[in-house]
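A.B. asks: Questions regarding the structure given below will be posed in turn.
The values are calculated or read from the model by the stated rules, or taken from the named source; none is laboratory data. Computed from a predicted model, the values in this text were never measured in an experiment. Here the Cβ is made from the backbone with ideal geometry for all residues, glycine too, and neighbour counts use every protein chain on show. Surface accessibility is based on the protein's heavy atoms, side chains included, excluding ligands, DNA and RNA. Shrake-Rupley method; radii C 1.70, N 1.55, O 1.52, S 1.80 Å.
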Amino acid sequence: MNRKIGFEVLFNNATIGIIVTDDKGRIILANPFLLNQFGYTEEEVLGQLIELLVPTRFQHKHVHHRDGFNKHPRNRPMGAGLELFGRRKDGTEFAVEVSLGNYNTDGGHFVIAFVSDISARKASEQALINLNAELEAKVDERTKALSEMLEKEKGLNELKSRFVTMASHEFRTPLSTILSSIFLIARYETTEEQPKRYKHIERIKSAVNMLTDILNDFLSVGKIEEGAIQVRLSEFDIKAHIENILSELAGLLKPGQEIEYKHTGHTILTLDPVLLKHITINLVSNAIKFSPTGKTVFLTTNYVEGELVLSVKDQGLGISYEDQQHLFERFFRGENVSNIQGTGLGLHIVAKYTELMNGKIECISELEKGTEFKITFRPQQ
């Protein structure tokens, strides 16, 4: 087999596109594989400028690059890191790699190009990039979720630690009261001493209620932190509901204290009555606790134009401006109430329950001039 026949066999049966141009950039040879790649016949490409196979948006630049190559020819291997595209007869584009070579004959200077369709490889690379991006997004998402879980766990551990510290202090007084009262009751043996026994029984009941309140506060905060509190909406009579709550709180009143309740507007609304009860009990019991004997606690509810405003106002110690900035934080207690029993969790719970029902809470207070807590809801009609 002579060289000419060997070249023709190689040229015609190669599984890569081969094209030859003259020094003007005109196509003088194109093998069947390249013609099939671009969708042309041999007659359609021979004599045409090589820019026929280049996307329109790159043709001007390609002419400049072609002229530069012809002036300073140098071989360029396949995969030189260039983003190259070919244009088929139907106008569609595809990614290619092009290896360039040049040679001279008596007939002039020629450029030979080997063109490989790499669109499938590019698609695979892009799919890999997309997959990596997706995996990175999932990793970021899982990492964020894990961080949130760890932060939540850290918060719960801190809550438990604070509770143990607080409980060791707050439990001491009621437990001492219970133990001393039981000891004294045992010494009252005669009928005439029955009033003294009743007195200590009441002290025991009060101490037990205090312990129960502390435990309930901690359990409520724990459920809030765990996201276990669910809002359960139902229709009810707000006026009747508040009156029932106040009847349960009558036993907390100090001598001469009373609760004055007024309602204006419609009485039937849709809200979570259980969470609203917790909020009301907490605010009213605080008002009683921090008000002196003989003072009135004012409670109002106003349901007008789809907006419920609940207000609890006392005539007690008041809260400083500085303390008001931290009122709803866990375990926070004002500087002027350190001698009054409390966990510092109540207002935190009130704020969280209010938030769960899409309400907003406001504190209006001044030292020695009392405090008003105002909560606004927009219940369903």
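A.B. asks: Can you give me the ranges of the strands (runs of 3 or more DSSP E) entirely in region 222-297 with at least 1 residues that are open to solvent by 60 Å² or more (accessible area, probe 1.4 Å) and farther than 30 Å from residue 368 by Cα?
C.D. replies: 234-237, 268-271
A.B. asks: For region 61-80, indicate whether the set of residues that are of a type in the set (Gly, Ala, Ser) and more than 23 Å from residue 123 (Cβ to Cβ) is non-empty.
C.D. replies: Checked region 61-80: at least one residue is of a type in the set (Gly, Ala, Ser) and more than 23 Å from residue 123 (Cβ to Cβ).
A.B. asks: Condition test on residue 68, is it farther than 21 Å from residue 31 by Cβ and part of a helix (DSSP H, G or I)?
C.D. replies: Yes: the conditions hold for residue 68.
A.B. asks: Oh, and also: Looking at residue 262, is it among the basic types (Lys, Arg) and modelled with pLDDT of 95 or more?
C.D. replies: Yes; evaluated as a whole, the condition is true for this residue.
A.B. asks: Kindly establish whether residue 66 is open to solvent by less than 80 Å² (accessible area, probe 1.4 Å), basic (Lys, Arg) and modelled with pLDDT of 85 or more. Spell out how you get there, then give the answer.
C.D. replies: Numbers: open to solvent by less than 80 Å² (accessible area, probe 1.4 Å): yes; basic (Lys, Arg): yes; modelled with pLDDT of 85 or more: no.
Spelling it out, it is not the case that residue 66 is open to solvent by less than 80 Å² (accessible area, probe 1.4 Å), basic (Lys, Arg) and modelled with pLDDT of 85 or more.
A.B. asks: Considering only region 358-378, state which residues are within 16 Å of residue 282 (Cα to Cα) and among the hydrophobic types (A, V, I, L, M, F, W, C).
C.D. replies: Residues satisfying the conditions are 361, 363, 373, 375.
A.B. asks: Sticking with this structure for a sec: Out of region 22-53, which residues are open to solvent by less than 40 Å² (accessible area, probe 1.4 Å) and small (Gly, Ala, Ser)?
C.D. replies: 25, 30, listed by residue number.
A.B. asks: How many of the residues in region 82-141 are free of Cβ contacts under 8 Å to residues at least 40 places away in the same chain, loosely packed, with under 13 Cβ neighbours inside 10 Å and either closer than 20 Å to residue 66 by Cβ or touching a strand residue (DSSP E or B) at 6+ places or on another chain (Cβ under 6 Å) (or both)?
C.D. replies: Qualifying residue count, region 82-141: 6.
A.B. asks: Which one is nearest to residue 286 (Cα to Cα), of the residues in region 319-350 that are open to solvent by 20 Å² or more (accessible area, probe 1.4 Å), assigned to a helix (DSSP H, G or I) and at pLDDT 70 or above?
C.D. replies: 347
A.B. asks: Continuing with this model, one more query. Counting just the residues of region 24-65 that are part of a strand (DSSP E or B) and in contact with a helix residue (DSSP H, G or I) (Cβ under 6 Å, 6 or more places away or on another chain), which one comes out farthest from residue 94 (Cα to Cα)? If you could, list the steps in order and put the result at the bottom.
C.D. replies: Residues of region 24-65 part of a strand (DSSP E or B): 26-30, 49.
When the remaining residues are screened for being in contact with a helix residue (DSSP H, G or I) (Cβ under 6 Å, 6 or more places away or on another chain), the result is 27, 30.
On the way: 27: 20, 30: 18 Å.
If we take residues in region 24-65 being part of a strand (DSSP E or B) and in contact with a helix residue (DSSP H, G or I) (Cβ under 6 Å, 6 or more places away or on another chain), then 27 is farthest from residue 94 (Cα to Cα).
A.B. asks: Six or more apart or on different chains, Cβ under 7 Å: which pairs go from a residue in region 45-67 that's under 13 Å from residue 23 (Cα atoms) to one that's open to solvent by less than 70 Å² (accessible area, probe 1.4 Å) and small (Gly, Ala, Ser)? Could you list them?
C.D. replies: 49/25; 50/25; 66/25
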